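To start, the structure under review is shown below, and the notes come after it.
The values are calculated or read from the model by the stated rules, or taken from the named source; none is laboratory data. All values derive from a computational prediction rather than experimental measurement. FYI the Cβ positions are ideal-geometry reconstructions off the backbone, even for glycines, and counts take in every protein chain you see.
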Amino acid sequence: MWSTAREIAPGDTVIAWLTRDLIQPLVVTPGKDLNIRFGYYRHDDLVGVPYGSKVGSRNGKGFIHVLRPTPELWTMALPHRTQILYLADIAFITSQLDIKPGSRVVEAGTGSGSFSHSVARASKAKEEFTRHGLADIVTLTHRNVCKDGFTVESAADAVFLDLPMPWSAIPQAKKALRKDCLTRICCFSPCIEQVQRTVTALNDAGFTEITMYESLVRPHEVDQVPPMRSIDDACEILKKAEQKREDKRLRQIAATRQNLANKRKREGEADLAEDESHHDTGSGKRTKTDEIDDIPQEPISLDRNIAGSSEVADSTKPTAKTTVSKAFPEVRGHTSYLTFACLLPGSPEVAVDA
Amino acid sequence: MWSTAREIAPGDTVIAWLTRDLIQPLVVTPGKDLNIRFGYYRHDDLVGVPYGSKVGSRNGKGFIHVLRPTPELWTMALPHRTQILYLADIAFITSQLDIKPGSRVVEAGTGSGSFSHSVARASKAKEEFTRHGLADIVTLTHRNVCKDGFTVESAADAVFLDLPMPWSAIPQAKKALRKDCLTRICCFSPCIEQVQRTVTALNDAGFTEITMYESLVRPHEVDQVPPMRSIDDACEILKKAEQKREDKRLRQIAATRQNLANKRKREGEADLAEDESHHDTGSGKRTKTDEIDDIPQEPISLDRNIAGSSEVADSTKPTAKTTVSKAFPEVRGHTSYLTFACLLPGSPEVAVDA
Amino acid sequence: MAEEAPTQNKIRSGDTVLLRIPNGDTRSIKVEKDLIVSIGRLGSFSSNELIDQHYGLTFEIVGKNLVVLPPQNIQELEETDATNEHIVGDGSVKPVTPEEMAAMKEAGVHVSDIIKKQIDQHTNFELKTEYSKDKYKKKKEAKYAKVFTTIPPTLFNVCEYWYNKDQGRIRDLRIDALSQMLSLANIRPGGRYLVVDDASGLVVSGVLHRMGGQGRVLTICDVETPPAYPVMSQMNFSPEVKSIMSSLNWATCQEDYTPIISTWDVEEGQIRSDKQRIRVNKRRAASDLLQSTREDLFAGEFEALIVASEYDPQSILKRLNKYLGGSCNIVIHSPYVQILSDLQVVMRASAEYLSPALSEVWLRRYQILPGRTHPMMNMSGAGGFILHATKVYDDPSAVPVEAHRRLAKLAAEAQKNSDVVSSQQDGGDVAMTDVA
Amino acid sequence: MAEEAPTQNKIRSGDTVLLRIPNGDTRSIKVEKDLIVSIGRLGSFSSNELIDQHYGLTFEIVGKNLVVLPPQNIQELEETDATNEHIVGDGSVKPVTPEEMAAMKEAGVHVSDIIKKQIDQHTNFELKTEYSKDKYKKKKEAKYAKVFTTIPPTLFNVCEYWYNKDQGRIRDLRIDALSQMLSLANIRPGGRYLVVDDASGLVVSGVLHRMGGQGRVLTICDVETPPAYPVMSQMNFSPEVKSIMSSLNWATCQEDYTPIISTWDVEEGQIRSDKQRIRVNKRRAASDLLQSTREDLFAGEFEALIVASEYDPQSILKRLNKYLGGSCNIVIHSPYVQILSDLQVVMRASAEYLSPALSEVWLRRYQILPGRTHPMMNMSGAGGFILHATKVYDDPSAVPVEAHRRLAKLAAEAQKNSDVVSSQQDGGDVAMTDVA
């Protein structure tokens, strides 16, 4: 299969990790270039480099990590193939079907149940399996299993069905399973209606121990944040802001009075009757003072980025950060219902094929 | 409804909180006693005590807290009534049906969908509603709503159905809803098959905006634990234990040699040929040394309670505790599927009753 | 029973109205008489067309007018034998070109006809399963239909709108969490509640909604003047419903602090004009309101404290605890389990709080199309955590010494047998060991 | 392809066998030739009756013998018009008295007849819905049937058994979490893996199970001698499967520590008997094994590190990091999100770990009886958390200075625009901003 050597050799399939969401497989071919938005690389540069290395681009525009392929990375690297099975489901199914070295497993429908690119996928997948040295392990055929059945009979330890109508393939699946020991089946169905029909079909075909599960993964984001602010901080900030505003108001009132006094001095007492209107439609400064007399219109923000508040916050808060975590806001809420069942050896129903 | 006074008065319904799992309602009746496994109390002692007080028993055998009733406490206090609705569902349904002061709500089937104690419950519930001053707000009847319909027509803002076959009551529910504005319905169904039939019935009856939710709560347990032990601690303990064991072995070997030497001295050189067997089947002490020669049979436990290890742990670890939390091992995994729909005013379908 | 419907049934001038557009997005628009409303690609129309219409209706924009569409049923799909077996995903799908599309739009071709045209040119369409076909049609409809639906301003809908729009501004407070908080706090008409809402007013909106204008809501905020609580605008509350709310900030809610506004007194003789008198009176009214709100707080005996705040909840409790009545519900929400775990540890060490319980909310919506029932492929992962406790009055003498000593011994034994930390308030747990 | 089935199909003498009894509980019994097995109320039988039987069969205990029962189908239920409407929950159910029951049992009445008798005396039985009736029958069957089913010793079943039996001893490691760990660690035949398993050997069992006796597993433990790993006994591993595992402890895995055992050398001349020679040889073999295991560890280049431990994971990583190969998978499980959050913060600050990702597992089982499909009413809340990262070799010079300066500026801007902390290893994220 994939290389297990420490260093990358020509012809190796490697996984180029650009970002978590941008992972691409690469067959190391001396002479070839890799020119991506994260820089320019020569395949030759990768030869002899240990797997897992960070490799800087030749033009200094970024770097990549070159990783050893795993089925999980391979799946992550192909996000555009419709409805690839999810890690949690694959892992769970592997355990439930008791798949281990030596197991013979039949899978029908590698694509989605709702829109299988069967022909295109089959040829593409075949090529891939061969390149990965899996051709001896994986046998690939394209056929309508519901009508034509599987290519093996009484040979499989487990059958995995990922079909839009799994119930219609169950008699054929039963044929494919060996009869000399307990064997298992898994049907992968996105809708509950499929499950209901599948359960009935499994039951009718003599399968037992029918169970159904959903397995999900909730990725969490971790954040290091300053310790939560105390109400004491909020209090101090509010009080200071109020005091500042009041000081300003008092200064402005004093200034206005001084102005008025000066004005009176200059203009004499005659204009006193006019003063009222002046007082109301007066200078910008005066109007400002009026506004400050009233309830302040603009709330004081406690944003940490505001210079005025940061001094208070800094003086009262310890600098240690706390770690908090929560699930990502949007997580996968459903992949499929996983229906499992067993076929027991020697049970009378096994002889009768539906 | 329930008292809103600060202190408990005679005749008040109070909730006696014994433990989280043992909560019981109580009508304070002067002269009466409360004799429970948490002690002996007189109702008179509760009169005049503020709600929320801890009250010690007269015989010093424990205490209770006397709380003001809430619908949530009331539900918790009645765990043996089958299939009481759960807090999360009640809360969610209240929001989705937009129930608020003044809303007129019709509920059919206050019990479980699978086994409704209808008659018994109805009389019991009626009595309770009256005692809680809800008789004017809640009208209670016992009838087969699927056949006979509801007691109101074109009057309800919302209908809530908790019936084994909600689909059969939907035409009647539609009759009960007012037609002059948007109204809502909720069907509470434990099984998905009920949901499927209900959705079809709602759709056929002209309801729109059909949605379905599941709402669950995962209680968490919080624990304060010592910081996780470091591998350094484990190392130190292992090394000390190994050294101790080796010291003992060496002491024992030395002692055996001394014994042998003494023996030889006492018994002379003649018995030397015999020594071999003596060496193997010798004293208990000697056999013990042999065992210690081999790989030790009993692993050294690193349990914190073992005196030998605690000194190491104490000297290297800070005493501060860390807080960890996780969901309880077994939590409620399902209550019901909540199916909601709207009935729009003036839509042509409203005129045609199914 | 009031004959007047309590539900706000019809759109009024001045309402903020939520609209759902075909791609599933929700928009918030302000409806004012004689105003033109424009909803991006969908087109524009006069607000007047919406006024006095029932909430919940679906409209098609035809020219500049609105046409009410009948309510849409879910269509039952017939299953066929198609299995997608013969579909080749090699790019043989020949879409209608952008030029053809533009020409059709130009010519005013109706959306259903555009979709039909697209289907005709989709070579594999008839090979698809009915489900695939339906999905394809829906996708196309969403892209071209000029329809929208008004969304009733219920707490549920408004919360969902904000949660989808900006989860951070409402501190991840999902509708299931909010509903549980309101229930745990036992919000009812006529109650008196303390609210600390840094969630853009979502919590206050929920509380006011369930009180129907009866009772008292006091919010404590971290800004000098009562905050805007932007969520409230979508709720379209009547003045009566809002009238029961007043606000203090963390400074003015301190008993030993004298707000500066109360010192601004102008001597009667100094008032020289009506305008100045109006200003002075306004200021006095504000001062009086502040004073009475403070008195209201200091009188205490509140029935619940509800918190969704960015501040350390321990410091909030420390400040407000003395104003809580016995048997009062304390309900605190946080997006982070770490915050509430720490708080739970502190609270359970105090005899003032009965049985502080931490829980996580979980909500899942389903697709319920016939034959295709399944949970939504995406769900919201983070609805947050809720800590609920009941305020109680301790009586340190409640357990006499001789029993206490025996119980302590039993408690130590029980502790050894159990990893789960039991609440210290559950004196009964210990006594139970005594009996069993 | 080997003709020999890889599955352990039949029960052998010496196997530890799990049995499911009618009330749903699972028991673990040891099957040895000629041994009598007793399963409480169900009765007892000879082990010989089980030897060579296929796993998965259901047996009825008849006298002291076992009778194989045919596999049980799920029975379809006909719905009736019963609605429970007329059932009065006033205690009119007249159960069979304990005396009658004892008499029937005494007389050897078969369980199905006892249940029939009970149904006959249940006055309301015919008024119940079919579902209620079925539930009632099942409950009674579970109470009286003398049947059990052998459970195949798969990882799935063994994990479930231990999870239900004592979650704490396997550190809350549920089968979905364990399966994901094995997949994330890319366990395959022929690989070389480091395992730290304080979960009673559940992780080691999973790893060995997927390797089929090919490769190398090195466990590091906190006891002087290799621990018992009790979970392994239910797996009934063949000696070949187990042969690839060896163990060190935290002291012997230190390079600068010389284990005392290696100093115990006896000079050839001092050996005075065959028995002593056997002892000395045994000791030497142990010393050699320890030495070779240490050399194996110190050679490094392991392909995965899998941890489910009670120790601080940071201190584990610190010790074992140098033995991990490039592109090695690091997979750490904990019941507590706090522990792994703290670890993630530390790991993402290091250039040695690529993209440490924290996730929580979630598993739900359904009841799938016809007409009554729903999630189980109870589920396990705590399957724990998994942290996965890839070990990488840093190259501090990978981004030249001029680019670094520009990128740093962009990074600062990107940081401002985003609250989510992005992994420091994602140099690409920054470069993406550069392009877009």
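Cβ separations smaller than 9 Å between residues 6+ apart or across chains give the following pairs from the stretch A:158-181 residues that are more than 11 Å from A:A108 (Cα to Cα) and in contact (Cβ under 8 Å) with a residue 12 or more places away in the chain to residues that are of a type in the set (K, R) and surrounded by 24 or more Cβ atoms within 10 Å (Cβ to Cβ): A:A158/A:R184; A:L177/A:R184. Summed over the stretch C:135-152, the residues that are out of contact with any strand residue (DSSP E or B) (no Cβ under 7 Å at 6 or more places or on another chain) and either of a type outside the set (A, V, I, L, M) or within 14 Å of chain B (Cβ to nearest Cβ) (or both) give a count of 10.
If I ask for residues that are charged (D, E, K, R) and either more than 8 Å from chain D (Cβ to nearest Cβ) or more than 17 Å from B:T335 (Cβ to Cβ) (or both), which ones from the stretch B:215-235 would you list? So that I can check it myself, show each step before the final result.
The initial filter retains those residues of the stretch B:215-235 that are charged (D, E, K, R), namely B:218, B:221, B:223, B:229, B:232-233.
Scanning the stretch B:215-235 gives B:E221, B:D223, B:R229, B:D232, B:D233.
Only a single item in (1) among the aliphatic types (A, V, I, L, M); (2) in contact with a helix residue (DSSP H, G or I) (Cβ under 6 Å, 6 or more places away or on another chain); (3) in a loop (DSSP other than H, G, I, E, B) is not met by B:I15, and it is number (3). Filtered by the rule that a residue be within 7 Å of another protein chain (Cβ to nearest Cβ) and either more than 30 Å from C:D52 (Cβ to Cβ) or of a type in the set (A, V, I, L, M) (or both), the stretch B:179-194 gives B:L182, B:P190, B:C191, B:I192, B:E193.
Conditions (1) assigned to a strand (DSSP E or B); (2) under 26 Å from the mean Cα position of the chain (by Cα); (3) not assigned by TED's automatic domain parsing to the domain that holds D:A308, marked per residue:
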| site | (1), (2), (3) |
| --- | --- |
| D:L340 | no, yes, no |
| D:V345 | no, no, no |
| D:A351 | no, no, no |
| D:P356 | yes, yes, no |
| D:S359 | yes, yes, no |
| D:L363 | yes, yes, no |
| D:I368 | yes, yes, no |
| D:H374 | yes, yes, no |
| D:M379 | yes, yes, no |
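Applying the condition of being charged (D, E, K, R) and assigned to a strand (DSSP E or B) to the stretch B:195-214 and asking which residue is nearest to the other protein chains (Cβ to nearest Cβ) yields B:E214.
Going by what's in this entry, would C:T373 be described as without any contact (Cβ under 8 Å) to a residue 12 or more places away in the chain, facing chain B (nearest Cβ under 7 Å) and in contact with a strand residue (DSSP E or B) (Cβ under 8 Å, 6 or more places away or on another chain)?
Spelling it out, C:T373 is indeed without any contact (Cβ under 8 Å) to a residue 12 or more places away in the chain, facing chain B (nearest Cβ under 7 Å) and in contact with a strand residue (DSSP E or B) (Cβ under 8 Å, 6 or more places away or on another chain).
Give the stretch A:215-248 a look and list any residue that's charged (D, E, K, R) and not in a helix (DSSP H, G or I), or say none.
Within the stretch A:215-248, the subset charged (D, E, K, R) is A:218, A:221, A:223, A:229, A:232-233, A:236, A:239-240, A:242, A:244-248.
Within the stretch A:215-248, A:R218, A:E221, A:D223, A:R229 meet the criteria.
Among the conditions (1) surrounded by 22 or more Cβ atoms within 10 Å (Cβ to Cβ); (2) assigned by TED's automatic domain parsing to the domain that holds B:T183; (3) out of contact with any Cys (no Cβ under 9 Å at 6 or more places or on another chain), B:N203 misses just one, which is (1). Regarding the stretch D:400-421, can at least one residue be identified that is at pLDDT 95 or above and surrounded by fewer than 21 Cβ atoms within 10 Å (Cβ to Cβ)? Looking through the stretch D:400-421, none of the residues is at pLDDT 95 or above and surrounded by fewer than 21 Cβ atoms within 10 Å (Cβ to Cβ).
Among the residues of the stretch A:1-47 satisfying the criterion of being outside the structural domain of A:K61 (by TED's automatic domain parsing) and touching a Gly at 6+ places or on another chain (Cβ under 6 Å), which is surrounded by the most Cβ atoms within 10 Å (Cβ to Cβ)? For the stretch A:1-47, the residue satisfying everything is A:E7. Just a yes or no: is a residue in the stretch D:171-180 buried (at least 20 other Cβ atoms within 10 Å of the Cβ), assigned by TED's automatic domain parsing to the domain that holds D:S309 and in a strand (DSSP E or B)? So far as the stretch D:171-180 goes, no, none of its residues is buried (at least 20 other Cβ atoms within 10 Å of the Cβ), assigned by TED's automatic domain parsing to the domain that holds D:S309 and in a strand (DSSP E or B). When D:D34 is tested against (1) part of a loop (DSSP other than H, G, I, E, B); (2) surrounded by 15 or more Cβ atoms within 10 Å (Cβ to Cβ); (3) modelled with pLDDT of 85 or more, just one condition goes unmet, and that condition is (2). Just one of (1) within 26 Å of the chain's Cα centre (by Cα); (2) not in a helix (DSSP H, G or I) fails for D:S315. It is (2).
Please determine, by comparing only the residues of the stretch D:382-397 that are assigned to a loop (DSSP other than H, G, I, E, B) and surrounded by fewer than 21 Cβ atoms within 10 Å (Cβ to Cβ), which one is modelled with the lowest pLDDT. Of everything passing the filter in the stretch D:382-397, D:S397 is modelled with the lowest pLDDT.
Looking at the stretch B:66-96, which of its residues are outside any helix (DSSP H, G or I) and at pLDDT 95 or above?
Step one: of the stretch B:66-96, the residues outside any helix (DSSP H, G or I) are B:66-70, B:77-86.
Across the stretch B:66-96, the qualifying residues are B:V66, B:L67, B:R68.
Sort out which residues of the stretch B:236-252 are within 10 Å of chain D (Cβ to nearest Cβ), surrounded by fewer than 17 Cβ atoms within 10 Å (Cβ to Cβ) and in contact (Cβ under 8 Å) with a residue 24 or more places away in the chain, and write them in order of number. Once the filter is applied, which keeps residues that are within 10 Å of chain D (Cβ to nearest Cβ), surrounded by fewer than 17 Cβ atoms within 10 Å (Cβ to Cβ) and in contact (Cβ under 8 Å) with a residue 24 or more places away in the chain, the stretch B:236-252 yields B:K240, B:R245.
If we scan the stretch D:182-192, do we find a residue that is assigned to a helix (DSSP H, G or I) and free of Cβ contacts under 8 Å to residues at least 12 places away in the same chain? If you could, list the steps in order and put the result at the bottom.
Here is the first cut: in the stretch D:182-192, the residues assigned to a helix (DSSP H, G or I) are D:182-184.
Adding the requirement that they be free of Cβ contacts under 8 Å to residues at least 12 places away in the same chain leaves D:183.
Among the residues of the stretch D:182-192, at least one is assigned to a helix (DSSP H, G or I) and free of Cβ contacts under 8 Å to residues at least 12 places away in the same chain, which makes the answer yes.
Yes/no per residue for (1) within 11 Å of chain D (Cβ to nearest Cβ); (2) under 30 Å from D:R365 (Cβ atoms):
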| position | (1), (2) |
| --- | --- |
| A:K32 | no, no |
| A:G39 | yes, no |
| A:D44 | no, no |
| A:Y51 | yes, no |
| A:S57 | yes, no |
| A:G62 | yes, no |
| A:G109 | no, yes |
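Kindly establish whether C:I332 is assigned by TED's automatic domain parsing to the domain that holds C:C159, outside any strand (DSSP E or B) and among the β-branched types (V, I, T). Walk me through it before giving the result.
Numbers: assigned by TED's automatic domain parsing to the domain that holds C:C159: yes; outside any strand (DSSP E or B): no; among the β-branched types (V, I, T): yes.
No.
How many residues are over 27 Å from the mean Cα position of the chain (by Cα) and surrounded by fewer than 19 Cβ atoms within 10 Å (Cβ to Cβ) if we restrict to the stretch B:206-226?
Keep residues of the stretch B:206-226 that are over 27 Å from the mean Cα position of the chain (by Cα), which gives B:206-211.
Retained after the next criterion (residues that are surrounded by fewer than 19 Cβ atoms within 10 Å (Cβ to Cβ)): B:211.
Residues that pass the stated criteria total 1.
Among the residues examined, C:L297 qualifies as part of a helix (DSSP H, G or I), away from chain B (no Cβ under 11 Å), in contact with a strand residue (DSSP E or B) (Cβ under 7 Å, 6 or more places away or on another chain) and of a type in the set (A, V, I, L, M, F, W, C).
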